[in-house]
Structure formats: structure tokens, C-alpha cells
Amino acid sequence: MSAPTTPPAPGPGAAAVLTGVGSWLPPRRVTNEELCTRLDSSDQWIRERIGIHERRRADEAVSTGDMSVEAGRRAMRSAGVDTVDAVVLATTTPDHHCPATAPAVAHRLGLSGAVAFDITAGCAGFVHAAAVAAGLIAAGSARRVLVVGAETMSAIIDPDDRATAPLFGDGAGAVVLEAGTPGGDGTLGPFAWGSDGSLGDAIEIPAGGARERHRRHSAPPADFFVHMRGNEVFRHAVRRMTRAARDAVAAAGWTLDEVDRLVVHQANGRIGACVADALGIPAERTPSNIDRVGNTAAASVPLLLAHAADEGRLKPGHRVLVVAFGSGLAWAATTLVWPPGITAEL
């Protein structure tokens with residue numbers, strides 16, 4: 001790895017600039033045909049309803065922290081750096097309830113003394129984590145931040161649940177953000193984000209937390225897995241992401257006609273298509289990888305950034321709109337102009 005560059009000294013108002021992107025996927029591919037040997041479903045139904053052909057599954061010996069280390073290492077290599085001031089990990093599937101997973105990730109990456117913490121905002125987690133990282137940079141608390149989105153969704157999905165088992169996959173993606181001059185290529189724009197806790201039970205794991213500890217020994221096994229009200233989630237995901245996307249574009253001083261690429265959380269194929277349609281952004285400007293990796297929750301956005309960059313679908317100068325939605329309910333959107341010189345490390 002090359003010697004680290006020295007970004008501008010931190011200070012109030014410094015911008016967060018994307019300088020590297022990386023990803024890691026478990027090697028095991030799980031096809032629809034394999035899932036359907038135990039589910040009351042079919043390859044055709046899964047392809048037509050959620051747009052997924054296969055997803056990745058981590059071996060039981062591989063954790064969220066393991067995948068985070070691999071993706072983080074690749075993002076730092078992409079950026080040409082070997083140190084950061086902070087590690088922010090977005091995940092719904094930490095290695096342990098306690099402690100947080102990010103400090104162990106930082107330690108394994110050799111980032112001695114770096115501040116490291118987890119963020120939980122479901123599938124919107126990575127964009128929330130990027131907003132927090134941008135705030136650290138703007139406040140002068142950090143010059144360089146590693147932002148990771150990683151999920152071992154197979155750990156919290158009931159393999160016999162027809163609604164969730166075909167949907168989710170495992171994986172990790174990461175970016176490096178560095179202090180820079182506002183307005184330049186790679187600079188993250190204003191964030192449009194929010195939450196609605198009144199609908200928290202639309203996507204939830206009912207048992208296993210402090211709220212339901214009295215049912216620790218009596219709850220049915222299924223209550224320790226993700227439950228989701230699909231139709232309600234679909235409706236809110238489209239509405240919230242569409243509004244956040246419009247707000248982020250307006251805050252950046254753009255129009256929707258000027259957006260070259262819409263990077264939308266890969267919730268399912270139909271949700272992404274509905275958001276793009278509502279925004280008037282054609283399919284050819286909306287990269288997708290859900291058919292190959294499934295819904296990887298907080299890892300979805302950085303994985304798609306890495307894959308789109310590697311495949312040439314993100315080019316220098318492209319105006320990119322990023323938007324995500326997840327449990328909480330939570331949502332977030334931001335913008336950037338894709339910078340030159342980025343080689344994704346996969």
C-alpha cells in the first residue's frame with residue numbers, strides 16, 4: 001500500500017470527499033432453485049416479484065466484522081492510504097450485542113487509536129453513517145474516515161420464511177472520506193434524512209432485545225428472526241425515498257434532469273424501479289446489482305457503488321444521487337459528482 005496522502009487540515013466547514021471504494025462478498029452463491037427446495041416458492045416468482053436470481057451467504061465461521069475488515073482494507077487500498085482517524089460501521093447484524101463491532105474492525109486493520117463505533121439504521125445505515133462521517137470532518141474532529149456497511153443477514157433471517165429468505169444476502173462495502181474543499185468532485189452534498197418510529201414494527205425482530213427480555217425463554221423461535229410487513233414497507237420505501245431524493249437534489253442545486261446516475265438501495269427490483277419512475281430517471285441511468293447479491297441491507301449502497309464503478313457504469317463527472325430506506329423506519333439521500341482516479345477494489 002502506498003504512503004498515506006495528507007488531506008487538508010480539518011476545520012469547520014471542511015467537505016467530505018470520497019477517495020476510495022471497496023467491497024467483499026462471500027464466495028458462496030445461493031440460487032433461487034436451491035432456496036425453493038425448502039420454500040413454497042419458485043424461481044419465476046422470485047425473479048418476477050423481487051428481481052433476484054441469486055444471493056451470497058457467508059459461511060458460519062464468517063462474521064460481519066470479518067467482512068468489514070475485508071471491505072475496509074480494499075477501500076483503503078483504493079484510496080491509497082493506510083490510516084484513518086475514525087471507523088464508522090453501519091450494520092444491523094453486529095458480531096455481538098456488546099461490544100460494538102467497529103473497534104475490533106479498526107484494531108484488525110491496524111488503526112491504533114482511531115475512534116470507532118457502530119450505527120444501526122437498517123438498510124439506510126450506510127448513508128446515515130456517511131452523514132455522520134461528513135459531520136466529523138466538517139467539525140474538524142477527523143480528517144479521514146472509513147465508512148463501512150456490512151451485514152450477515154443470514155444470521156437473522158428465518159430460512160423457512162417465504163417473505164424474507166429469498167430477499168436478503170450477505171456482504172460488505174466501504175468508502176474512504178477525506179477532508180477537502182467544498183464543491184469539488186467527490187464531495188458529498190447536503191443530506192436529506194429522517195425517521196418515523198411510529199412504524200418501527202414494520203420491519204423488526206420481535207424478541208431478543210431489552211424490550212422483550214421477559215420472553216427470553218418463551219418466545220417462539222421465529223420471533224428471533226426478522227419480521228416484515230412487505231406491502232407497507234413497499235409503500236413507505238417508495239414514498240420516503242422519492243421525497244428524500246428530491247430534497248437532496250434541490251439542496252445540491254441540481255435538477256432531476258441533471259442526475260446521471262441514481263444509486264438506490266437495492267431493496268427489491270420493483271421498489272428501485274418505482275423510485276426511478278417517480279423521479280423520472282430512466283432505467284439506463286439506474287445501476288442495479290440486486291439480481292446477483294440480493295438485498296444486503298446496510299451493505300447495499302457501498303456494494304452498488306463499488307460494482308458500478310468497477311463495471312464502468314459510474315464515470316468521472318457523473319452527477320450521482322444516492323438514496324436508501326430501512327427499518328426504523330429510516331431514510332437518507334445525498335449527492336456527489338463521481339471523482340476521477342477511483343479504482344474500486346473488489
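Taking residue 129 as the residue in question, decide whether it is crowded, with 16+ Cβ neighbours inside 10 Å and at negative phi. Before the answer, list the steps.
Details: crowded, with 16+ Cβ neighbours inside 10 Å: yes; at negative phi: yes.
When the stated conditions are applied, residue 129 passes them.
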Has region 64-81 got any residue that is in the same structural domain as residue 172 (by TED's automatic domain parsing), closer than 19 Å to residue 345 by Cβ, touching a residue at least 40 places away in the same chain (Cβ under 8 Å) and assigned to a loop (DSSP other than H, G, I, E, B)? yes
Counting only residues in region 278-312 that are assigned to a loop (DSSP other than H, G, I, E, B) and out of contact with any strand residue (DSSP E or B) (no Cβ under 7 Å at 6 or more places or on another chain), the one surrounded by the fewest Cβ atoms within 10 Å (Cβ to Cβ) is identified as 312
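Of the residues that make up region 139-160, is at least one in contact with a Lys or Arg (Cβ under 8 Å, 6 or more places away or on another chain) and hydroxyl-bearing (Ser, Thr, Tyr)? Give the steps one after another, and end with the answer.
Pass one, region 139-160, residues in contact with a Lys or Arg (Cβ under 8 Å, 6 or more places away or on another chain): 154, 159-160.
Those left that are additionally hydroxyl-bearing (Ser, Thr, Tyr): 154.
Yes, region 139-160 contains a residue that is in contact with a Lys or Arg (Cβ under 8 Å, 6 or more places away or on another chain) and hydroxyl-bearing (Ser, Thr, Tyr).
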Scanning region 166-185 residue by residue, those buried (at least 23 other Cβ atoms within 10 Å of the Cβ) and assigned to a loop (DSSP other than H, G, I, E, B) turn out to be 166, 167, 169, 170
Within region 72-84, restricting to residues that are out of contact with any Leu (no Cβ under 7 Å at 6 or more places or on another chain) and surrounded by fewer than 22 Cβ atoms within 10 Å (Cβ to Cβ), the one that is farthest from residue 343 (Cα to Cα) is 82
Exception for residue 101 within (1) free of Cβ contacts under 8 Å to residues at least 12 places away in the same chain; (2) of a type in the set (S, T, N, Q); (3) touching a Gly at 6+ places or on another chain (Cβ under 9 Å) falls at (1)
Considering region 209-261, residues that are in a loop (DSSP other than H, G, I, E, B) and within 24 Å of the chain's Cα centre (by Cα), and then whichever is surrounded by the fewest Cβ atoms within 10 Å (Cβ to Cβ), we arrive at 209
### Task
Go through the residues of region 244-261 one by one and say whether even a single one is among the aromatic types (Phe, Trp, Tyr) and within 28 Å of residue 71 (Cβ to Cβ).
no
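Being at pLDDT below 95, part of a loop (DSSP other than H, G, I, E, B) and outside the structural domain of residue 208 (by TED's automatic domain parsing): is that true of residue 163 here? It would help to see each step written out before you state the result.
Values: at pLDDT below 95: yes; part of a loop (DSSP other than H, G, I, E, B): yes; outside the structural domain of residue 208 (by TED's automatic domain parsing): yes.
Against the criterion (at pLDDT below 95, part of a loop (DSSP other than H, G, I, E, B) and outside the structural domain of residue 208 (by TED's automatic domain parsing)), residue 163 qualifies.
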Considering region 95-108, residues that are surrounded by 22 or more Cβ atoms within 10 Å (Cβ to Cβ) and not polar (S, T, N, Q), and then whichever is farthest from residue 168 (Cα to Cα), we arrive at 106
Checked pairs for region 136-147, first outside any strand (DSSP E or B), second surrounded by fewer than 24 Cβ atoms within 10 Å (Cβ to Cβ) and among the acidic types (Asp, Glu), C-beta under 6 Å and 6 or more apart or across chains, list as 142/85; 143/85
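The values are calculated or read from the model by the stated rules, or taken from the named source; none is laboratory data. Here the structure is a predicted model, which is why all the values come from computation and not from measurement. Cβ: placed from backbone, ideal geometry, glycine included. Neighbour counts: every protein chain shown.
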